[in-house]
Amino acid sequence: MDDLTVERVLRTVEAIPPGRVANYGQVGAVAGVGARLVGRIMSTWGSGVPWWRVVAADGRIAPPLRARAREHWEAEGIPLAPHGEGCAIRRVRADPAELRERARAAWADLPES
């Protein structure tokens, strides 16, 4: 994986508006990579971006991160899912077109791939 891919994924995550979430596949679709690679990038380099805004397709987040994520979600008004293992993604999923536009603007100074 190259530095440009990592930077695009991280900037895409930064482009998710407060109070919204995106799943790994949605971030990957914008950044041009697969969901698993997004997960790998986030686990290695994602601590400096709003990682709590990236969740599984059903809104769940890994058990070790749940308590910390809930604190951020509460601060941003992101509701918990009834099962308590993630957020109510259907209510707060980032708009795909808006996320793509925001991410591309964040990539403006990056070289073309």
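Per-residue ellipticity at 222 nm from helix content only, as computed over the chain with -39500 (n - 2.57) for each DSSP H run of at least four residues, stands at -14500 deg cm²/dmol. In terms of its Cα atoms, the chain spans 42, 26, 21 Å along the principal axes, sorted from long to short. Annotation: amide H-H contacts under 5 Å for L80 (H modelled 1.01 Å from N, sequence separation of 5 or more, or interchain): A88.
Loop-resident GluC sites (Glu not before Pro) (DSSP state other than H, G, I, E or B) in the stretch 1-104 with no more than 16 further Cβ atoms inside 10 Å of their Cβ: E85. Under 19 Å from a label point set 7 Å out along the Cα-to-Cβ vector of L4, the amide N atoms of the stretch 26-68 belong to 28-34, 37-38, 41. Other residues lying with their Cβ under 15 Å from the Cβ of V9 contribute a combined charge of +4, Lys and Arg counting +1, Asp and Glu -1.
Just so you know, all these numbers are worked out from the coordinates, no wet-lab data involved. Owing to the predicted nature of the structure, the values given are computational and were not obtained by experimental measurement. Positions of Cβ are backbone-derived with ideal geometry, glycine not excepted, and every protein chain shown enters the neighbour counts.
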